[in-house]
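Report on the following structure.
The values are calculated or read from the model by the stated rules, or taken from the named source; none is laboratory data. Model, not experiment: these values are computed from the prediction. Glycine also receives a Cβ, built like all others from the backbone with ideal geometry; neighbour counts cover every protein chain displayed.
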Amino acid sequence: MKDFPRFAVLAVIPMVLVACGNDDDASEAAEPGQSETTAAEASFPVTVGDGDAAVEIPAAPERIVSLSPTATEMLFAIDAGDEVVAADEYSNYPEEAPTTDLSGFEPNVEAIVGYDPDLVVASSDPGQLVSSLAEIDVPTLVLAPATSLDDTYSQIEQLGAATGNVGEAAEVVAGVRSDIDEIIAEVPEDAEDVTYFHEVDSNLYTVTGSTFIGELYGLAGMVNIADEAPEAGGEYPQLSPEFIVSADPDMIFFADGGEGGVTTEDIAGRPGWDELTAVREDRVFEVDSDVASRWGPRVVDYLRFLVDERVGMLEPVG
């Protein structure tokens, strides 16, 4: 399930990590022979974020509630999973995530407080979540839906600072960057761009190239047909069937499949779509809606899939 609203994206928190603790104490705590726990504790209090989004975290959190599936994935990736005592209803990855019936879209402050958190992480601030928790001295870190891969890196680093896992977060970011560089190197520099349509739902809402997922497609050497749609508005526009048919994408990716959802046969059966290049050449792909909509470390998995399909087009059949 997605973290972001299907048709709109909030502005992302800038990458600003400002430590408010005593630098001398932090240096002393990091001396050889001292424990990692001591070093982490010495880096607190820490202020993460900037401006109105800044939040001060007084001590290394021991009980984290995550109301964001992406944040949950990031927390486990940076080795802060043991501190996550509860995660929202859509936090289904990794398998060990403590999924509950908490909602990130309509948060119940009383239910959240029942887990006795010392840090709450969310992707938005619905229903005055942040101010309500602030009244009882529970800091809330809001990591808004990403608009670029840089936002992914920034948010992983912010969570590293917020949990005392700065080094682990840096390693994850470095690993994602390195993996992405290796994957995109597999696309020949002289390969011609191919066009694509990414279907968010059967009402033909899609993404543009300026979204974080659009950036992944771009790295794989693909051009988004929505970027040229005259009726497109915003980063998650609704396209007309007529425009899609006229654009004739080389590849179609749909994230509205699954049980009871759209199938490749449904797509091929739409009026005029049987003549699309993507349909005729059997290049219609169902994608995992979770992986396709979350901007955590698994962006590497999605890019891997895109590049494999892109490179596969270049290989001679038979």
Looking for something at pLDDT below 95, touching a strand residue (DSSP E or B) at 6+ places or on another chain (Cβ under 8 Å) and not aliphatic (A, V, I, L, M) - is there at least one such residue anywhere in segment 172-192? no
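Results for (1) outside any loop (DSSP other than H, G, I, E, B); (2) in contact with a strand residue (DSSP E or B) (Cβ under 6 Å, 6 or more places away or on another chain); (3) at pLDDT 95 or above; (4) under 23 Å from SER131 (Cβ atoms), shown as yes or no for each residue.
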| residue | (1), (2), (3), (4) |
| --- | --- |
| GLU28 | yes, no, no, no |
| GLU41 | yes, no, no, no |
| ALA59 | no, no, yes, yes |
| PRO107 | no, no, yes, yes |
| TYR115 | no, yes, yes, yes |
Looking only at segment 185-218, filter to residues that are touching a residue at least 40 places away in the same chain (Cβ under 8 Å), part of a strand (DSSP E or B) and of a type outside the set (Phe, Trp, Tyr); which one of those is surrounded by the fewest Cβ atoms within 10 Å (Cβ to Cβ)? THR195
Just the residues that are under 16 Å from LEU159 (Cβ atoms) and part of a loop (DSSP other than H, G, I, E, B), please, taken from segment 83-92. ASP88, SER91
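Any chance you could count how many residues in segment 186-240 are hydroxyl-bearing (Ser, Thr, Tyr) and within 17 Å of the chain's Cα centre (by Cα)? Steps first, answer last, please.
We begin by selecting, within segment 186-240, every residue hydroxyl-bearing (Ser, Thr, Tyr); these are 195-196, 202, 205-206, 208, 210-211, 217, 236, 240.
Then drop every residue that is not within 17 Å of the chain's Cα centre (by Cα), which leaves 206, 208, 210-211, 217, 236.
So the answer is 6.
Residues are listed down the side, and each one gets a yes or a no for (1) free of Cβ contacts under 8 Å to residues at least 24 places away in the same chain; (2) crowded, with 24+ Cβ neighbours inside 10 Å; (3) not assigned by TED's automatic domain parsing to the domain that holds VAL291:
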| site | (1), (2), (3) |
| --- | --- |
| VAL85 | no, no, yes |
| THR100 | yes, no, yes |
| ASN108 | yes, no, yes |
| ALA122 | no, yes, yes |
| ASP125 | yes, no, yes |
Give the residues of segment 131-146 that are surrounded by fewer than 19 Cβ atoms within 10 Å (Cβ to Cβ) and either among the hydroxyl-bearing types (Ser, Thr, Tyr) or touching a strand residue (DSSP E or B) at 6+ places or on another chain (Cβ under 6 Å) (or both), sorted by residue number. SER131, SER132
Among residues of segment 148-171 being crowded, with 20+ Cβ neighbours inside 10 Å and in contact with a Phe, Trp or Tyr (Cβ under 9 Å, 6 or more places away or on another chain), the residue farthest from ILE64 (Cα to Cα) is ASP151
Which of the residues belonging to segment 156-168 are in contact (Cβ under 8 Å) with a residue 40 or more places away in the chain, farther than 16 Å from ARG298 by Cβ and in a helix (DSSP H, G or I)? GLU157, GLN158, GLY160, ALA161, ALA162, THR163, VAL166, GLU168
